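First the structure, which I've put down as structure tokens, then a few questions once you've had a look.
The values are calculated or read from the model by the stated rules, or taken from the named source; none is laboratory data. Computed from a predicted model, the values in this text were never measured in an experiment. Virtual Cβ from ideal backbone geometry, glycine too; neighbours counted across all protein chains shown. Accessible surface is based on the protein model in full, side chains and every heavy atom, while ligands, DNA and RNA are left aside. Shrake-Rupley method; radii C 1.70, N 1.55, O 1.52, S 1.80 Å.
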Amino acid sequence: MLVQSIVLGLIGVFVMLDSRLLGRLNFERPLIVGTLVGLALGDLEKGLLVGASIELISLGVVQVGAAVPADMTLGAVIATAFAILSGSNAETALTIAIPIAILGQLLGILMRTVLASLTHRADSLIEEGKFKSAQHIHIVWGTILYSVMYFVPIFLAIYFGTDLVKTIVDAIPEWITDGLSLASKLLPAYGFALLLQTMLSKKMMPFLVLGFLITAYSGLGITGVALFAGIVAFVMYQIEANKSGGNGGNGATEEPDALDDL
């Protein structure tokens with residue numbers, strides 16, 4: 001368990017650094033996080049299943065400005081690990097992921113408070129001409145503090161909490177677990193609703209209705225519907241490209257000759 005706790009803690013640090021140091025390669029998305037945890041624990045199928053379920057919830061979670069959303073990355077690491085190590089299902093993992101994501105949100109706020117004070121220290125160093133020390137505060141110490149923020153909760157939760165969580169889950173009355181299972185099925189719909197709120201328009205509404213009708217009446221699975229949607233998106237892209245590239249087919253528009261206006 002010690003080795004697994006360390007490995008999962010390092011995975012948490014790696015995915016956290018995705019948007020903070022490595023650019024944005026989408027390693028921090030719950031689907032990828034669940035896959036990495038599943039690979040580390042030898043159960044890729046459940047890792048994908050739990051990661052995909054948490055991904056559906058977090059689709060509409062967007063960090064805007066200084067707002068700190070629930071940390072679905074931290075929730076995905078711990079919830080997926082618990083589901084695999086305790087033999088729980090995806091619904092139980094979702095009930096674990098949400099409280100942990102909220103805890104990660106609180107830790108994130110605390111970490112930003114600490115980093116704000118370090119920023120003032122960096123300003124003082126810059127005024128003193130100590131540019132190397134100021135650079136270390138931003139790149140080195142900021143990275144270390146964020147890494148500790150992820151590694152420690154994940155390590156402690158996995159090393160000490162797997163059996164405890166399993167015992168608590170087994171002790172929960174059936175009517176509560178049924179209610180949690182129902183809530184876990186509603187949460188992905190809520191995630192989609194948040195996403196649609198930001199992108200749905202009158203132009204996109206026919207495609208939403210088309211996708212719903214295909215899913216409801218065609219008998220296709222999720223993979224089939226996704227492949228069909230990909231083909232439709234490709235065809236629509238080609239149509240738009242041909243419209244914009246009518247002059248010579250290269251997308252360039254003919255500029256009027258400035259001499260014609262003379």
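Keeping to region 6-23, report how many residues are open to solvent by less than 10 Å² (accessible area, probe 1.4 Å) and either farther than 16 Å from Leu145 by Cβ or under 14 Å from the mean Cα position of the chain (by Cα) (or both).
Count: 5.
Let me ask something else about it. Pairs needed: first member in region 94-117, farther than 13 Å from Leu145 by Cα; second member anywhere, open to solvent by 60 Å² or more (accessible area, probe 1.4 Å) and in a helix (DSSP H, G or I); C-beta distance under 6 Å; at least 6 residues apart or different chains.
Between residues of region 94-117 that are farther than 13 Å from Leu145 by Cα and residues that are open to solvent by 60 Å² or more (accessible area, probe 1.4 Å) and in a helix (DSSP H, G or I), the close pairs are Thr95/Leu180.
Please count how many residues of region 2-29 are charged (D, E, K, R) and over 17 Å from Gly75 (Cα atoms).
Residues flagged as charged (D, E, K, R) and over 17 Å from Gly75 (Cα atoms) within region 2-29 amount to 2.
Considering only region 31-47, I want to know if a residue exists there that is at pLDDT 75 or above, open to solvent by 30 Å² or more (accessible area, probe 1.4 Å), part of a loop (DSSP other than H, G, I, E, B) and within 22 Å of Ala193 (Cβ to Cβ).
no
Scan region 124-151 for residues that are part of a helix (DSSP H, G or I), over 29 Å from Glu28 (Cα atoms) and open to solvent by 70 Å² or more (accessible area, probe 1.4 Å) and jot them down.
Ile126, Glu127, Phe131, Lys132
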